[in-house]
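J.: First the structure, then my questions, so here it is.
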Amino acid sequence: MSLKLLQATATLFGTVIGAGVLGIPYVISKSGYLIGLLQIIVLGFVVLLMYLYLEKITRKTKGHHQLTGYAEIYLGKKGKFFMWIAMLIGVYGAITAYYIGISKSLSAILGGSPLVYGIIIFIITTIIIHKGINLIKRYELYLGITTVAIVILISILLIPYINITKLTTINLSNFFAPYGVILFAFLGAAAIPEMKEELQRNKKMLRKAVILGATVPLLVYILFSLTVIGTTGTETTQVATIGLGEKVGFHMVWLGNLFAIFAMTTSFLTLGLALRQVFNFDYNISKKFATALACGIPFLLFFLLKNWTGFANIINVTGVFAGGIEGILIVLMFWKFDKKTNKLPGVLLVLLFITGAAFLLV
């Protein structure tokens, strides 16, 4: 496997694996592991299909664009507006969660004020995001591999604590409880235009990179949720690593928070760059001001919400609405792009996104 392919693959799974993985065990503990496992697999393949639609659009459309730019090309001004709304909800929501999550994780490991760590994170990430894709891709692969390695290590360490009976509970009344958080945890479409840039001279690799990049999170979520719920069961906390620390010991507090930092940092950088590119490429805003908008507004939200505790609830709502709008628009874009395509898979995707939103609202 070439280095270029590995870097592009890491861009996608590094974007996807973020705050969502920490919330998945909590929501699955409400429905039962078997229901959650089913939803991880189904939504994993649903999002992969959505990504393959976007991959084909991205690869065969000339010019540098982000999601809003592609939406405008194929769906007009209204399509661009709704994609813009989806990205604002999804990316700003995610980056704000990352500011909060990373700063609290650093505080748990090193001590000190989360606000101070938040300011440090803001300065470092703003510099990196302003420098652009060449700097980010140097670190993305290593951060992504480290994240996966830590998940595997945590899972191995949890094996002696797993109680099989905690994995067999089923609560049908909470069947849809995991939906929004799991969908949020798979979101990373904004990384695909960046992958196209990384593979400019090797565009034929893009499809393979998308498939690999979407498969890694699927396997990570199955493994992480199995070992966490098998250990903590109904006592699983909204941020899974906190409950593990309470159950297993301080070494798991340290290791769990280290995992949280790596997982959220990789996603933070790619989403921050994607948002900067939206402002820069699709709205012709200068690079410096685009960086300020991409990093500054979430930092302001972090400051205002620094005592926020509703982790799973926020990413659940973000996943349902941002993921649903984005997914429907990608399907509509693909139908415009390829008028001869079989529309049945796209119809099923749209129905799933609408149903998920309906259950949240009811």
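None of the figures in this text is laboratory data; all of them are computed from the coordinates on show. Keep in mind it's a predicted model, so treat the numbers as computed, not measured. We place every Cβ from the backbone using ideal geometry, glycine too, and count neighbours over all the protein chains shown.
J.: When only Cα pairs under 8 Å and 6 or more residues apart are kept, what is the percent relative contact order across the chain?
T.: 38
J.: Tally Lys and Arg at +1 and Asp and Glu at -1 over the other residues with C-beta under 10 Å from the C-beta of residue 66: what net charge comes out?
T.: Counting the neighbours of residue 66, the net charge comes to -1.
J.: List, in the order given, every pair from 80/287; 30/343; 104/196 whose Cα-Cα distance in the structure shown is over 27 Å.
T.: 30/343; 104/196
J.: Once phi is turned into θ = phi - 60°, what whole-Hz ³J(HN,Hα) does the Karplus curve with 6.51, -1.76 and 1.60 give for every residue of the stretch 39-47, x standing for Gly and Pro?
T.: Once rounded to whole Hz, the list reads 5, 4, 5, 4, 5, x, 6, 4, 5.
J.: Given Cβ point charges of +1 (Lys, Arg) and -1 (Asp, Glu) and nothing else, what value in debye, to the nearest 20, does the dipole of the stretch 3-361 about its Cα centre take? All intermediate terms of the calculation are to be shown ahead of the outcome.
T.: Details: 29 positive and 11 negative charges, 264 e Å.
With Lys and Arg at +1 and Asp and Glu at -1, about 1260 debye.
J.: Can you tell me the relative contact order of the stretch 169-300? Whole percent, Cα pairs under 8 Å, sequence separation 6 or more.
T.: 16
J.: Let me ask something else. Would you mind listing how long the stretch 256-332 runs along its three principal axes, going by Cα atoms, in whole Å with the largest first?
T.: Here the spans come out as 39, 33, 24 Å, largest first.
J.: Output the peptides 288-297, 214-223 sorted from most to least packed, where packing is the average of other Cβ atoms within 10 Å over each peptide's residues.
T.: Going by the mean number of other Cβ atoms within 10 Å, highest first, we get 214-223, 288-297.
J.: Which value in deg cm²/dmol, rounded to the nearest 500, describes the helix-derived mean residue ellipticity at 222 nm for the chain, given -39,500 (n - 2.57) per DSSP H run of n ≥ 4 and division by the residue count?
T.: -25500 deg cm²/dmol
J.: Positive end of the charge dipole of the chain (Lys, Arg +1 and Asp, Glu -1 on Cβ, about the Cα centre): tell me which of 70, 275, 218 has its Cα farthest that way.
T.: 70
J.: Residue by residue through the stretch 278-291, which ³J(HN,Hα) values in whole Hz follow from phi under the Karplus form 6.51 cos²θ - 1.76 cosθ + 1.60 (θ = phi - 60°), with glycine and proline marked x?
T.: For the stretch 278-291, the Karplus-derived couplings read 4, 4, 6, 6, 9, 10, 6, 8, 4, 4, 5, 5, 4, 5 Hz, x marking Gly and Pro.
J.: What's the percent breakdown of Cα-Cα distances in the chain across 10 Å bins, shortest bin first?
T.: The percentages, shortest bin first, are 6, 26, 36, 24, 7, 1.
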